Amino acid sequence: MAFTCWLSRLRSSYSKTITNLRTSFFHHLRTRGANTTAITSPYHFSKQNPFRFTCSNSLLPITLAGSLAIHFQSPPPLCDASLDSPSRGIGGKGSTEFVVKGSHKHLPQELIEELKAICQDNMSMDYDERYFHGKPQHSFHKAVNIPDVVVFPRSEEEVSNIVKSCDKHKVPIVPYGGATSIEGHTLSPQGGVCIDMSLMQNVKALHVEDMDVVVEPGIGWMELNEYLEPHGLFFPLDPGPGATVGGMCATRCSGSLAVRYGTMRDNVISLKVVLPNGDVVKTASRARKSAAGYDLTRLVIGSEGTLGVITEVTLRLQKIPQHSVVAMCNFPTIKDAADVAIATMLSGIQVSRVELLDEVQVRAINIANDKNLPEFPTLMFEFIGTEAYAREQTLIVQKIISEHRGSDFVFAEDPEAKKELWKIRKEALWACFAMEPKYEAMISDVCVPLSHLAELISRSKKELDASPLVCTVIAHAGDGNFHTVILFDPNQEDHRREAERLNHFMVHSALSMEGTCTGEHGVGTGKMKYLEKELGVEALKTMKRIKNALDPNNIMNPGKLIPPHVCI
């Protein structure tokens, strides 16, 4: 929570810059020698230009022995000066740290009283509650601190008042959604206030004819689709079970249907956001397209809580397909499976899902679900449309599969059978733990241009199979995004280093193919160290400038997304 280590990198307001310059200037005068006499400052620093000073009307009663050279010190760079080197900080280049460090100071009693007045009974300082919110439920990432208090706002107004109080006291804020993120997004390395949005889960307006819906951020995507189903509509993004709409916006997530419907940035029409000073901003109208000003909606989507707290989301909806077919087939190698995924996309067939599982992942599914699926690299497809069109697509893909050594092609049209197949896929991560119940998972999330997918998966698979750790491959093969689940014992240093090595190998392989270190999971703390290689330092400096402009006190989810070694 404390900002001691942050003050050296976040002196962005004029008042702080002026104070630093004045202090350094008069310290210089005092140390010039006995012949220099310093008195009450006759200098006035211009607000328009803090580097220019002017004399007051009074004379300067300063006796100068010889010439006096005045040297102004440049303002300190806005980066973490406490780091010994750019490679050592959490998220810095080359970082291999396991626990996210952070400074901490006592939470002001005045802030606690203000939060009580705002939230009444909907806040907690109970240790177990704070620990639960400070340790991600599906991630190996840890931090030295946990939040000092957890609040549960019920309205946008309460969120605004909470943020205003935290900004006044310069106390960190960590927004908290469904706790399904896996890159340390909800860690509280500096303590502070965790804002749990779970009480804000209302559907505020449904516009059936416009095919959009306005919701609060705490509603889960699965609960939203239950609400929409009687109206013949659905929201097409499907990340992990338990994810909430607010968190999905914050991480710019996608899921298995992204190959057909796009990612979160394509399916959010507008947002309402509480900025770090407590102001509430609406980013766009409800129109399906607009050329009015900066695209603030896309600026916030993927910002991971570093620019504000999302309090309202307007989502684009889709009609529930008339008919769908789910198909599965096996391949002798994972490259054959990847080749078929690419060939299917190039054929022009409008598939809604193309999912790839390697033989280790299929084995995990068999163990966890008491199934007897053939343990080979497997592709799962979904085709939608009219009954005739879906079946026609199925037959075309079956022909493509036969040309790439595929076998055991089966398909399902029964609703319960289809639901069971996708349930197995959605619970793949939990199935992995059936093989190593006491281990944790490091999960890669690389994505490359589709033409490079087969090469990247083949290269990665060789490295994974040679490792002593248990590793599985799961891919959204239709858009070049694949994950590996690397199971390791966090108490064994050799395990942790091997998991890190494998992840590092796959990320750098993807970057060498013009890919990304994260296709859908986001950056958090886990992927910061790769951003400079992927985006370049100038892009990161631009992000830093945006962050400093909107959040000069750096209260919004500090220590996430932007690497600490980036200076401006």
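Within the stretch 198-249, how many residues are of a type in the set (A, V, I, L, M), assigned to a helix (DSSP H, G or I) and either touching a His at 6+ places or on another chain (Cβ under 7 Å) or open to solvent by 20 Å² or more (accessible area, probe 1.4 Å) (or both)?
1
Give me the pairs, please: first residue somewhere in the stretch 424-452 and closer than 20 Å to Ala510 by Cα, second residue anywhere and open to solvent by less than 40 Å² (accessible area, probe 1.4 Å) and charged (D, E, K, R), beta-carbon distance under 7 Å, and either six or more positions apart or on two chains.
Note: pairs meeting the criteria are Asp445/Glu520.
For the stretch 501-532, how many residues meet the condition of being outside any helix (DSSP H, G or I), closer than 15 Å to Ala475 by Cα and of a type in the set (A, V, I, L, M, F, W, C)?
The total comes to 1.
Filter the stretch 172-197 down to the residues that are farther than 14 Å from Gly559 by Cβ, in a loop (DSSP other than H, G, I, E, B) and touching a strand residue (DSSP E or B) at 6+ places or on another chain (Cβ under 7 Å) and list them by number.
Gly177, Gly178, Ile182, Met197
Output yes when any residue across the stretch 284-293 is crowded, with 22+ Cβ neighbours inside 10 Å and touching a residue at least 24 places away in the same chain (Cβ under 8 Å), and no when none is.
Taking every residue of the stretch 284-293 in turn, none turns out to be crowded, with 22+ Cβ neighbours inside 10 Å and touching a residue at least 24 places away in the same chain (Cβ under 8 Å).
Condition (residue is touching a Pro at 6+ places or on another chain (Cβ under 9 Å), modelled with pLDDT of 90 or more, open to solvent by less than 20 Å² (accessible area, probe 1.4 Å) and not in a loop (DSSP other than H, G, I, E, B)) applied to the stretch 403-414: is it met by at least one residue?
The answer is no, given that none of the residues of the stretch 403-414 is touching a Pro at 6+ places or on another chain (Cβ under 9 Å), modelled with pLDDT of 90 or more, open to solvent by less than 20 Å² (accessible area, probe 1.4 Å) and not in a loop (DSSP other than H, G, I, E, B).
Restricting the search to the stretch 470-500, which residues are assigned to a helix (DSSP H, G or I), under 14 Å from His452 (Cα atoms) and among the hydrophobic types (A, V, I, L, M, F, W, C)?
Hit for the stretch 470-500 is Ala477, nothing else.
Inside the stretch 145-200, can you point out the residues that are closer than 19 Å to Asp279 by Cβ and among the small types (Gly, Ala, Ser)?
Ser155, Ser160, Ser165
I'm trying to understand the selection: among the residues of the stretch 323-359, which are among the hydroxyl-bearing types (Ser, Thr, Tyr) and more than 20 Å from Pro236 (Cβ to Cβ)?
Those that are among the hydroxyl-bearing types (Ser, Thr, Tyr) and more than 20 Å from Pro236 (Cβ to Cβ): Thr333, Ser347.
Does any residue in the stretch 528-543 that is under 19 Å from Leu299 (Cβ atoms) come within less than 7 Å, Cβ to Cβ, of a residue that is open to solvent by 40 Å² or more (accessible area, probe 1.4 Å) and part of a helix (DSSP H, G or I) six or more places away or on a different chain, and which pairs are these?
What qualifies is Leu540/Glu532.
With the checklist (1) under 22 Å from Leu373 (Cβ atoms); (2) touching a strand residue (DSSP E or B) at 6+ places or on another chain (Cβ under 9 Å); (3) surrounded by fewer than 15 Cβ atoms within 10 Å (Cβ to Cβ) in hand, flag the one item Ala388 doesn't pass.
(1)
Would the stretch 269-279 turn up any residue that is farther than 22 Å from Asp167 by Cα, of a type in the set (Lys, Arg) and touching a residue at least 60 places away in the same chain (Cβ under 8 Å)? Spell out how you get there, then give the answer.
Filtering the stretch 269-279 for residues farther than 22 Å from Asp167 by Cα gives 269-270.
Next cut, of a type in the set (Lys, Arg) only: none.
Checked the stretch 269-279: no residue is farther than 22 Å from Asp167 by Cα, of a type in the set (Lys, Arg) and touching a residue at least 60 places away in the same chain (Cβ under 8 Å).
Give the residue that is most open to solvent (accessible area, probe 1.4 Å), with candidates limited to residues of the stretch 345-361 that are more than 27 Å from Asn372 (Cα to Cα) and touching a residue at least 40 places away in the same chain (Cβ under 8 Å).
Residue satisfying both the conditions and the ranking: Gln350.
Does the stretch 272-281 contain at least one residue that is farther than 21 Å from Ile195 by Cβ and surrounded by fewer than 23 Cβ atoms within 10 Å (Cβ to Cβ)? So that I can check it myself, show each step before the final result.
Of the residues in the stretch 272-281, the ones farther than 21 Å from Ile195 by Cβ are none.
Within the stretch 272-281 (the criterion being farther than 21 Å from Ile195 by Cβ and surrounded by fewer than 23 Cβ atoms within 10 Å (Cβ to Cβ)), the answer is no, since none of the residues qualifies.
The values are calculated or read from the model by the stated rules, or taken from the named source; none is laboratory data. Here the structure is a predicted model, which is why all the values come from computation and not from measurement. Cβ sites come from the backbone with ideal geometry, for glycine too, and all protein chains shown count toward neighbours. Heavy atoms of the whole protein, side chains included, go into the accessibility calculation; ligands, DNA and RNA do not. Shrake-Rupley method; radii C 1.70, N 1.55, O 1.52, S 1.80 Å.
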